[in-house]
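Following: one structure in structure tokens, then a few remarks.
The values are calculated or read from the model by the stated rules, or taken from the named source; none is laboratory data. Every value quoted in this text rests on a predicted model; they were computed, and no experiment measured them. Cβ sites come from the backbone with ideal geometry, for glycine too, and all protein chains shown count toward neighbours. Remember, those area values only see protein heavy atoms, side chains included, never the ligands or the DNA or RNA. Shrake-Rupley method; radii C 1.70, N 1.55, O 1.52, S 1.80 Å.
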Amino acid sequence: MTDISSRPAALAGIRVLDLSRVLAGPWCTQVLADLGADVIKVERPGAGDDTRHWGPPFLRDAQGHETDQASYFTACNRNKRSVTIDMATPEGQQLIRQMAQDCDVLVENFKVGGLARYGLDWESLRALNPRLIYCSVTGFGQDGPYAERAGYDLMVQAMTGMMSITGRSDDAPGGGPLRVGVAVIDLFTGLYASNAILAALHVRERTGAGQHIDMALLDVGMAVLANQAAGFLATGVAPGRQGNTHPSLAPYQDFPTRDGAMLLAIGNDGQFARFCAAAGRPEWAQDARFASNTLRVRHREALIPAMEAVTRTRTTAEWIALLEDKAVPCGPINTIAEAFDDAQVRARGLRVELPRDAGDGVARIATVASPLRLSATPPVLHRAPPALGQHTDEVLREWGVDDVRLAELRARGVV
């Protein structure tokens, strides 16, 4: 990653107050932090973000010993400064209000109305800072019959139908609904939220006014059904689970090889014809049953077993070598360890080691590089995910809290 001093960051000068925890909100603010925003993460004294305790796995210290700090937290909190403030106290609330007056963005994921009792809701803070962009992330949005409910990624995957299209069909071995292997609704919500914030910042350049952003996991879960939702809306027929096959493309799935399995993602007739020629079965491309993608989808029960008999004759590496110069999408089905060892992953620098000097024995934290590649203002990874309260004194001094006041606040458990 580029050295922080060598180029101006895209969001340099933007200050974000991060009152969120777990994944969706922190994922949003990490995107902003990677782009150069100064993100100040407010956490509970002594406890912090829930994900600091979601282990195993745990971070290891410089000697390789396991700590009590869960690695989950590090996935979505780099480039941030951690401040511990007890917002249940009047002094803590006043500190956060003071900070919000000088921030551009606030992100929170409390239950609907949860921050109003602290005077930290949108209406209260807008009165103090009309330029504030206030982003609320909830399970079901600010209105509607479910607004008061807590929402979690797994629950929303189930409610939106995502689990009904993920996994093998009921009549197949191991069939049944499955969640996606990562909290995909939380992650998409974070990405949509960061997009909405960037749009609101652009609007503020014209109007001078901030606005409230209402992000709901349910809304995002429905939106990212994408072509599956479009198919249902067009036909009225709900799609089902079909493992690794694609409802609209064939062959587009995993195939057995001599030493395991590979993935073929053939998306058009030209790719299919080139595969057939390379595999020694050029007649398949001329077969009336397989001459177009639509026909291949309709006759996949005949096509796929015939292909499987051929794919078993070579190893995965042999198939990749055979097809890579023929523009036929083919690749291995890696473990995460194998993915990080992949030549292209290494060439793109997707594993990043960030030093940390927090006095807790954790000297370095490995993280995944930002996928955003801007030529003039690239993301910069310059801060490891922080220890709990690592920057409390530093940040509060920036807001005029002197050492005497800091000592008083700490003695009363406010920070």
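Please return the ranges of strands (runs of 3 or more DSSP E) entirely within region 315-389 where 3 or more residues are open to solvent by 40 Å² or more (accessible area, probe 1.4 Å).
Of the strands (runs of 3 or more DSSP E) lying wholly inside region 315-389, those with at least 3 residues that are open to solvent by 40 Å² or more (accessible area, probe 1.4 Å) span 351-355, 364-368.
So which of Q228, Q211, Q157 is crowded, with 16+ Cβ neighbours inside 10 Å and closer than 24 Å to W54 by Cα?
Exactly one of Q228, Q211, Q157 is crowded, with 16+ Cβ neighbours inside 10 Å and closer than 24 Å to W54 by Cα, namely Q157.
Tell me, which residue of region 179-202 that is of a type in the set (G, A, S) and without any contact (Cβ under 8 Å) to a residue 12 or more places away in the chain is most open to solvent (accessible area, probe 1.4 Å)?
G181
Among the residues in region 35-42, are any over 26 Å from R410 (Cα atoms) and of a type in the set (A, V, I, L, M)?
Checking region 35-42: at least one residue is over 26 Å from R410 (Cα atoms) and of a type in the set (A, V, I, L, M).
Specify the residue that is least open to solvent (accessible area, probe 1.4 Å); the eligible residues are those in region 243-257 that are out of contact with any Phe, Trp or Tyr (no Cβ under 9 Å at 6 or more places or on another chain) and at pLDDT 95 or above.
Out of the qualifying residues, it is Q253.
Could you tell me whether region 235-242 includes any residue that is open to solvent by 40 Å² or more (accessible area, probe 1.4 Å), farther than 17 Å from A321 by Cα and of a type in the set (A, V, I, L, M)?
yes
For region 279-289, state whether one or more residues are open to solvent by less than 40 Å² (accessible area, probe 1.4 Å), more than 24 Å from P57 (Cα to Cα), hydrophobic (A, V, I, L, M, F, W, C) and in contact (Cβ under 8 Å) with a residue 24 or more places away in the chain.
Yes.
Among all residue pairs at least 6 apart or on different chains, which show Cβ distances below 6 Å where the first residue, located in region 112-130, is under 12 Å from M87 (Cα atoms) and the second is modelled with pLDDT of 95 or more and among the acidic types (D, E)?
If the second residue must be modelled with pLDDT of 95 or more and among the acidic types (D, E), the pairs left are L115/D121.
Which numbered condition trips up C103, out of (1) open to solvent by 20 Å² or more (accessible area, probe 1.4 Å); (2) within 27 Å of the chain's Cα centre (by Cα)?
(1)
Let's see how each residue does on (1) over 20 Å from A265 (Cβ atoms); (2) modelled with pLDDT under 95:
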{"site": "F290", "(1), (2)": "no, no"}
{"site": "E301", "(1), (2)": "no, no"}
{"site": "T316", "(1), (2)": "no, no"}
{"site": "A321", "(1), (2)": "no, no"}
{"site": "E324", "(1), (2)": "no, yes"}
{"site": "C330", "(1), (2)": "no, no"}
{"site": "D341", "(1), (2)": "yes, no"}
{"site": "L350", "(1), (2)": "yes, no"}
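Only one of D61, D68, D18 is within 19 Å of S370 (Cβ to Cβ) and among the acidic types (D, E). Can you tell me which?
Just one listed residue meets the conditions, D18.
Among the numbered conditions (1) hydroxyl-bearing (S, T, Y); (2) part of a helix (DSSP H, G or I); (3) closer than 15 Å to A384 by Cβ, tell me where T67 comes up short.
Among (1) hydroxyl-bearing (S, T, Y); (2) part of a helix (DSSP H, G or I); (3) closer than 15 Å to A384 by Cβ, T67 violates only (2).
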